[in-house]
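Peer 1: What follows is a structure written as C-alpha cells; I'll ask about it next.
Only the coordinates and a few stated rules stand behind these numbers; no lab work does. Remember, it's a predicted structure, so these values are computed and weren't measured experimentally. Cβ placement follows ideal geometry from the backbone for every residue including glycine, while neighbour counts extend to all protein chains displayed.
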Amino acid sequence: MLKVDGIEKSYKQDGLFSKQRQQVLKKVAFECKQGECLGIIGESGSGKSTLGRLILGIEKPDRGRILFEGKNVNDRRVRMGSISAVFQNYTSSINPFLTVEEAIMEPLKAQEKVKADMQSKVDTLLHQVGLDSSYRLKYPHELSGGEAQRVCIARALSTEPRCIVFDEAISSLDVSVQIQVLRLLKELKQLYQMSYVFITHDIQVAAYICDRVIIFRDGQIEEMVPIEQLKDVQSVYARRLLTYLITFQVEDQG
Amino acid sequence: MLMRLLRNLSKDKLAMTSLAVIVIIVAAGIFAPWCAPHDPEEVNMKLRYASSSWGYWLGNDHLGRCVLSRLIYGIRPSVLWVLVALMMSVLLGAIVGFIAGYFKGKTDAWIMRVCDVMLSFPGYVMTLAVVGILGAGLEHILIAFVVMKWAWFARVIRTSVMQFSEMEYVKFAKASGIGSFRIITKHIVPVTFADVAVIASGSMCSMMLQISGLSFLGLGIQAPHAEWGMMLNEAREVMFSRPELMLAPGLAIVIVVSAFNFLSDALQIALNPKLMTSKGKLRKKEVGKTVYEYSRG
C-alpha cells in the first residue's frame, strides 16, 4: 500500500555558497502493507525522522518516489484524509489558539466533509482515546502530556486514514502512560484496519506493537525482520542493539 | 478573537487608559472641523502671543492663531497619516515576510537579500534623499517611510514566521494535506499576530517622532497647515519668553507616543493564548461569589 522506492535525501551543509551536502538517506526502499505495523528503529541522527517527513510529504526526496496506493505522496490530495501523523513533542502539537474540539475537526474541515453529526463524531473520537466529552472546550495548555498526546491521536484518527505515521509519538511520555497509549493504539488498529509506520528508538516499544521492524542506521536499512524473528537478527549492528537492551534489562532486575 | 483581546485588555488599567487616549485622539483628528473651536489657519495679529483665555484655551501663537485648534488639526498628519503609512508598510512587510518565512529555501534567500539592500541605507538619509528628489511635503515623507520600513518589518516577521512554521501542528496540517494558504491564515497568522502588533506599535512611536523631526526641519508639511513638529519649530524663537507654546505640541507628542508604547506592552500580554481557559466564565462567577460572601461576613 505504502511503497518507498529508492529514495535519497541530502541537506546542504552550512554556508550560502557551500557545495557540500550531507547525505541523510541513501537508497531506502521498503513497503508497508495494508493493516501492518511497520517499526523503524534507529539511533538519533540515523535519518529516521527525515524518512517520516518524506513519507508525510512535508519534504520532497531528492531521488526516488514514495507511493501511496500507486500515487505520489507529494500531491497533497493523495495525502488528504488517507495519511495522518502523530508527532513527538506534545507541547507544540496543538495550535494554542484552538480548543480540543477545533483541533480534532481541523482535518475534517479541510476535507470539506462538514456534516451535522460532527459534534458526536468528536465525542466518539474522544471516548475512543479514553477522554470524556468535557475535554472538548479545553485549550492545549490545560492538558497534561498524556492527554495532549491522546488528543493528537484522536485528531489523526478523525478522517479515518488508512495509514498513520508515528514519529517518536510516545517517547516523551512517562512509562505508565506509554503502556496505556500503546494498548490504545493496538485496539484502534484492530478497529479501523489501519497501517502504522512506527518510528522509534525504543526496541521494546517496537517489539510490543510492530509486526515487522526495519533497523535503520546511517540513512540505510541495516536489516528488515518480522517481529517473531527479532532475536535472530543477522547484522552486527542489530545484534549489538539487542545486546544493549538485554544487559539493560539484567541490570534492571538486579 | 477581538472580543477576547478586549476582555483581556480590560483587566489592565494602564492599557485601557492608553487605548482610551488613542481612541479619543484619533476621533478628535478625524472630526477635527467639529472639535476645533477656531479655524487653525485664521491669523489674528491682535491676539499675538496671547495667553490662555476662555475663547482660546491654550492661547495663541506668533500669528495669533488658536493653539488648541492647530493641535487638533495637527493630529491628522502627525497621527492619522503616520498610522496609514505604518499600516501600509506592515502589510507589505507581512506579506513578504510570510512568504519568505513559510516557503524558506531559495525564495527566502532572494527576498532577504533584497531586504538587506534596503536595510543597508540609513533611514534618515534615504528619507532626506526622497524628499530632495520629490520635493518637501508630507506625502513624500510617507512614501519614503513605506519604502524604507517594509524591509525591516519583513525581516522581523519572517523570523517569527520561521519559528512558528517549525511547530508540530503546522507539520501535522501539512501532512494531512491542508493547503499552504489555509495553514498560513489558520495557524501562523494568529500566533505571529502578537509579535506583529508589538513591533508595529513600537515603530509607530519612532515614525511619529521622525515625522515631527522632519517637519521641525521644515521638510514635512508646508507652512500654513498645522503639524506638531512644525508647531515646535515655530515656537522655537520664543522658547525662553513663552515656553508654554512649546509645551502644548511637545506634551501631545509625548502623550501619544507613551500611549502607543504602553498599549504595545499590554498587547503582548493580552495576546498570550495561555490566558484563555475553558472555564473562564465560571472562574469569574466564583470570584464574584467569594467577594460577596466576604463582604457579607
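Peer 1: Among A:184-194, B:259-269, how do they line up from the highest to the lowest mean number of other beta-carbon atoms within 10 Å?
Peer 2: The peptides rank, most packed first, as B:259-269, A:184-194.
Peer 1: Compute the normalised compactness of chain A: alpha-carbon radius of gyration over 2.2 N^0.38 Å, N being the residue count.
Peer 2: Dividing the Cα radius of gyration by 2.2 N^0.38 Å gives 1.05.
Peer 1: Here's something else I'd like to know. Would you calculate, for chain B, the mean residue ellipticity at 222 nm contributed by helices, counting each DSSP H stretch of 4 or more residues as -39,500 (n - 2.57) and dividing by all residues, to the nearest 500?
Peer 2: My calculation for chain B gives -23000 deg cm²/dmol from helical runs alone.
Peer 1: Another question, if that's okay. Per residue of chain A, what 222 nm ellipticity follows from adding -39500 (n - 2.57) for every DSSP H run with n ≥ 4, rounded to the nearest 500?
Peer 2: -11000 deg cm²/dmol
Peer 1: Now for a separate question. May I ask for the percentage of alpha-carbon pairs in the stretch A:109-170 that lie more than 16 Å from each other?
Peer 2: 48
Peer 1: With a ≥ b ≥ c taken as the square roots of the eigenvalues of the C-alpha gyration tensor of the stretch B:75-269, please select rounded if a/c is under 1.5 and otherwise prolate if a/b is larger than b/c or oblate if it is not?
Peer 2: prolate
Peer 1: State the antiparallel share, in %, of DSSP beta bridges confined to the protein assembly as shown, rounding to the nearest 5.
Peer 2: Roughly 55 percent of the beta bridges in the protein assembly as shown run antiparallel, per DSSP.
Peer 1: Right, here's the next one. Which one of B:SER78, B:SER51, B:SER18 has the biggest mean-square fluctuation once chain B is modelled by GNM with Cα springs under 10 Å?
Peer 2: In the Gaussian network model the winner is B:SER51.
Peer 1: For chain A, what relative contact order do you get, as a whole percent, if you take Cα pairs closer than 8 Å and at least 6 residues apart?
Peer 2: About 26 percent, as a whole number.
Peer 1: Right, next: Name the most mobile residue of A:VAL197, A:VAL175, A:VAL151, meaning the one with the largest mean-square fluctuation, in a Gaussian network model of chain A with Cα contacts below 10 Å.
Peer 2: A:VAL175
Peer 1: Treating the angle as unsigned and between 0 and 90°, give the value, to the nearest 10°, between the Cα long axis of helix A:145-157 and the longest Cα principal axis of chain A.
Peer 2: Approximately 80 degrees, to the nearest 10.
Peer 1: Taking the Cβ-Cβ separation of B:GLU166 and B:GLU139 as r and a Förster radius of 45 Å, what is the calculated FRET efficiency to the nearest 0.05?
Peer 2: Between B:GLU166 and B:GLU139 the formula returns 0.65.
Peer 1: A further question on this structure: Using a Gaussian network model on chain A with a 10 Å cutoff between Cα atoms, which of A:ALA116, A:ALA169, A:ALA85 fluctuates the most?
Peer 2: A:ALA116
Peer 1: Work out from phi, with θ = phi - 60° and the Karplus expression 6.51 cos²θ - 1.76 cosθ + 1.60, the ³J(HN,Hα) of each residue of the stretch B:146-152, listed in order in whole Hz, and give x for Gly and Pro.
Peer 2: Computed from phi, the couplings for the stretch B:146-152 are 4, 4, 7, 7, 4, 5, 5 Hz.
Peer 1: Now a separate question. How high is the FRET efficiency between B:LEU80 and B:LYS274 when r is their beta carbon distance and R₀ equals 35 Å, given to the nearest 0.05?
Peer 2: Once the sixth-power term is evaluated, E becomes 0.50.
Peer 1: Let me ask you something else. Could you work out how far helix A:118-128 tilts from the main Cα principal axis of chain A, as a 0 to 90 degree angle to the nearest 10?
Peer 2: In chain A, helix A:118-128 runs at an angle near 50 degrees to the longest axis.
Peer 1: Something else: If you take each beta carbon of peptide B:162-172 and count the beta carbons of other chains within 10 angstrom, what is the mean?
Peer 2: 6
Peer 1: At what distance in nm do the modelled label points of A:ARG183 and B:ALA27 sit from each other, each positioned 7 Å from its Cα along Cα→Cβ?
Peer 2: Each label point is offset 7 Å from its Cα along the Cβ direction, giving 6.2 nm.
Peer 1: Moving to a separate point now. How high is the relative contact order of the stretch B:156-222, in percent, counting Cα pairs under 8 Å that sit 6 or more residues apart?
Peer 2: 30
Peer 1: Taking each residue of A:95-102 in turn, how many C-beta atoms of other protein chains fall within 10 Å of its C-beta, and what is the average?
Peer 2: 5
Peer 1: Additional query: At 7 Å along Cα-to-Cβ for each site, give me the label-to-label distance between B:GLN222 and B:LEU5 in nm.
Peer 2: The two pseudo-label positions are separated by 3.8 nm.
Peer 1: I would also like to ask the following. The stretch A:78-95 to the stretch B:1-55: how many Å between their Cα centroids?
Peer 2: One Cα centre to the other: 50 Å.
Peer 1: Quick check on my link table: of A:LYS71/A:LYS231; A:LYS26/A:LYS186; A:LYS9/B:LYS104; A:LYS27/A:LYS186; A:LYS71/A:LYS121; B:LYS104/B:LYS149, which ones sit more than 27 Å apart, alpha carbon to alpha carbon?
Peer 2: Beyond 27 Å between Cα atoms: A:LYS71/A:LYS231; A:LYS26/A:LYS186; A:LYS27/A:LYS186; A:LYS71/A:LYS121.
Peer 1: Let me ask another. When you count, for each residue, the other Cβ atoms within 10 Å and take the mean per peptide, how do A:204-214, B:235-245 rank with the highest first?
Peer 2: In decreasing order of mean packing, A:204-214, B:235-245 become A:204-214, B:235-245.
Peer 1: Below 8 Å between Cα atoms, with a sequence gap of 6+, how large is the relative contact order for the stretch B:75-269 in percent?
Peer 2: 25 percent.
Peer 1: Something else about it: For a protection proxy built on the mean count of beta-carbon atoms within 10 angstrom, sort A:236-242, A:96-102 highest first, please.
Peer 2: The most tightly packed comes first, giving A:96-102, A:236-242.
Peer 1: How far, in degrees from 0 to 90, does helix A:236-253 lean away from the longest principal axis of the Cα atoms of chain A, to the nearest 10?
Peer 2: Result, in degrees: 60.
Peer 1: Need one value for A:81-89: mean number of C-beta atoms belonging to other chains within 10 Å of its residues' C-beta atoms.
Peer 2: 3
Peer 1: Against the empirical 2.2 N^0.38 Å scaling, what ratio does the C-alpha Rg of the stretch B:1-97 come to?
Peer 2: 1.46
Peer 1: Something else now. How high is the FRET efficiency from B:CYS35 to B:LEU247, r the C-beta distance, R0 30 Å, rounded to 0.05?
Peer 2: Computed FRET efficiency for B:CYS35 and B:LEU247: 0.90.
Peer 1: What's the Cα-based Rg to Rh of the protein assembly as shown, Rh via Kirkwood?
Peer 2: 1.12
Peer 1: Fully extended, how many nm does the chain gain between A:GLN23 and A:GLU160 (0.36 nm per residue separation, minus their Cα-Cα distance)?
Peer 2: 45.8 nm
Peer 1: Reachable aspartates and glutamates from A:LYS60, Cα under 15 Å, same-chain residues fewer than 8 places away excluded?
Peer 2: A:ASP5, A:GLU8, A:ASP75
Peer 1: Another question about this same structure. Using the Cα gyration tensor of the stretch A:66-185, with a ≥ b ≥ c the square roots of its eigenvalues, what is the shape: rounded (a/c below 1.5), prolate (a/b larger than b/c) or oblate (neither)?
Peer 2: oblate
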